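The values are calculated or read from the model by the stated rules, or taken from the named source; none is laboratory data. The model shown is predicted, which means the values in this text are computed figures rather than measured ones. Note: ideal-geometry Cβ built from the backbone for every residue, glycine included; neighbour counts use all protein chains shown. These accessible areas exclude ligands, DNA and RNA; they are computed on the full protein's heavy atoms, side chains included. Shrake-Rupley method; radii C 1.70, N 1.55, O 1.52, S 1.80 Å.
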Amino acid sequence: MAHAFISKRIVTPHGTQSGALLVNDGKILAICRPSEVPADAIIQDCGNDALLPGLVDTHVHINQPGRTEWEGFRTATRAASAGGYTTLIDMPLNCLPETTTVAALQQKRASAKGDCFVDWAPWGGAVADNQQHILPLARAGVLGFKCFLIYPGCDGFTMIDQQQLEAALPFIAESGLPLLVHAELAGPIDVATEGLRKADWRKYATYLASRPDQAELEAIRLMIRLCRQYRFRLHIVHLSTALALQELQTARAEGLPITVETCPHYLHFAAEEIADGSTLLKCAPPIRSRKNLQQLWQGLRDGIIDMIVTDHSPCLPAMKEEESGRFDLAWGGIASLSLALSVIHTECRHRGFNLNDLVRWMSSAPAALAGLSHRAGALEPGREANFVVLDTDGEFTVTADKLHYRHAISPYLNEKLRGIVKATYLRGAAVYQEGSFPPSPSGREVTL
């Protein structure tokens, strides 16, 4: 039997419209006028709540297998469903073994089976010595590859230098899949850190000075040159410096296949407002100035930055070093799967952006990066009925019980946000509704 979700605001690829989202057997039958809803359909009137396509997050560290005590598939996907996400693409590091071989990929798949509240898919890793594994991983179903140009914080996922990267790039280009690059180079960071040996590492200003814009700029320039030479799909992850925007725009105008993401924390927090010892806000690259934040929003407005993804990177609470307050010792990572939609919606309201912008940044563009535009990122007839019911006027204060991921710590605690996820639907079934979850997960791995 068909279900009709009636709303004054259904966000579609053709704009926002009033009508009914007609769902049957897990798929969208039509987006029609309420008068066209079949007489026997079950009707749910969402009123002024907006219906958005399920969000897609292409930058999530789930950490299972091996470090499930940091975060696992069950807790990460639960938080995702509460935040309006219906598809997550899992990063290949922080889990054990890292997803750098087909054997490791199969272990990840086995650990995820039956434990996901939303859909997921894997990225593979491009590391110092796994060039021969690139094409087998592509054939086995990873959606792309992630690499670090700097030490990533975990020994098992090795950084890749230029020579090793150039050995891998012909295989990555042949695969047709994107290469996601953590774009910081060690040189500028080493120089900066050397000058900070006697600095106070409880001060955020010390940490910020240790990861200068130049480290990102030089890495992005290197990757643009390599993209021009090898013609692979280049994706810059978690852009934090606005100083790179002009060069990225010029490279894309040249026709180079480059996409760019940034994250909610770079668009919401500013260095000037981070108190000393506030290690919950440590991430790499770092949160930069208020001026830089405004320029990143301009980069979104200008279309230079394509998408907003979370870089959900949780850890054990003790690893954030809140007691010592030392940024040099704290794990770098901010978890936000359950809050990102509300954070960005709040910012959009202040800045004159609309729901179509938000959906482009947080659903359709990430789906395109992952090669999943045929099955995610839009509300259209024939697609799976993955969607979010968002109360755009509702306000709430962030409390620990609203986080839903494994460890309830967050730099967003006590912030007032606008935009409440009322429900999230996966293939027409609620995977989150008014604070509750279904008894058994129904998510699965999605493929190209």
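Quick look at the values:
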{"quantity": "Sole residue being surrounded by fewer than 17 Cβ atoms within 10 Å (Cβ to Cβ), in a helix (DSSP H, G or I) and of a type in the set (A, V, I, L, M), chosen from Ala209, Ala199, Ala215, Ala219", "calculated": "Ala209"}
{"quantity": "Contacts under 6 angstrom Cβ, first residue in region 89-100 being more than 17 Å from Thr447 (Cβ to Cβ), partner of a type outside the set (Asp, Glu) and not in a loop (DSSP other than H, G, I, E, B), 6 or more apart", "calculated": "Met91/Lys146; Pro97/Ala104; Glu98/Gly125; Thr100/Gly125"}
{"quantity": "Residue ranges of strands (runs of 3 or more DSSP E) in region 362-448 with at least 1 members at positive phi, surrounded by 18 or more Cβ atoms within 10 Å (Cβ to Cβ) and not basic (Lys, Arg)", "calculated": "416-426"}
{"quantity": "Pairs where the first residue, in region 121-146, is free of Cβ contacts under 8 Å to residues at least 60 places away in the same chain and the second is among the small types (Gly, Ala, Ser) and in a strand (DSSP E or B), C-beta under 7 Å, 6+ apart", "calculated": "Leu137/Gly124; Val142/Gly124; Phe145/Gly124; Phe145/Gly125"}
{"quantity": "Count of region 255-283 residues which are surrounded by 23 or more Cβ atoms within 10 Å (Cβ to Cβ), in a loop (DSSP other than H, G, I, E, B) and out of contact with any Phe, Trp or Tyr (no Cβ under 9 Å at 6 or more places or on another chain)", "calculated": "1"}
{"quantity": "Search result, residues across region 143-152 that are crowded, with 16+ Cβ neighbours inside 10 Å and of a type outside the set (D, E, K, R)", "calculated": "Leu143, Gly144, Phe145, Cys147, Phe148, Leu149, Ile150, Pro152"}
{"quantity": "Residue match in region 53-61 (condition: in a loop (DSSP other than H, G, I, E, B) and crowded, with 22+ Cβ neighbours inside 10 Å)", "calculated": "yes"}
{"quantity": "Single residue of region 305-357 satisfying the filter (of a type in the set (Phe, Trp, Tyr) and farther than 21 Å from Leu180 by Cβ) that is most open to solvent (accessible area, probe 1.4 Å)", "calculated": "Phe353"}
{"quantity": "Pick from region 30-68, criterion of a type in the set (A, V, I, L, M, F, W, C) and over 25 Å from Ala80 (Cβ atoms), ranking: farthest from the chain's Cα centre (by Cα)", "calculated": "Ala39"}
{"quantity": "Only listed residue being in contact (Cβ under 8 Å) with a residue 12 or more places away in the chain, under 24 Å from Gly187 (Cβ atoms), among the basic types (Lys, Arg) and in a helix (DSSP H, G or I), chosen from Arg228, Arg252, Arg288", "calculated": "Arg228"}
{"quantity": "Residues being farther than 26 Å from Ile420 by Cβ, in contact with a Pro (Cβ under 6 Å, 6 or more places away or on another chain) and without any contact (Cβ under 8 Å) to a residue 40 or more places away in the chain - total across region 5-50", "calculated": "0"}
{"quantity": "Subset of region 372-385 (residues that are closer than 24 Å to Thr262 by Cβ and in contact with a strand residue (DSSP E or B) (Cβ under 8 Å, 6 or more places away or on another chain))", "calculated": "Leu372, Ala376, Gly377, Ala378"}
{"quantity": "Criterion (farther than 13 Å from His312 by Cβ and open to solvent by less than 10 Å² (accessible area, probe 1.4 Å)) met by exactly one of Gly66, Gly84, Gly47, Gly72", "calculated": "Gly84"}
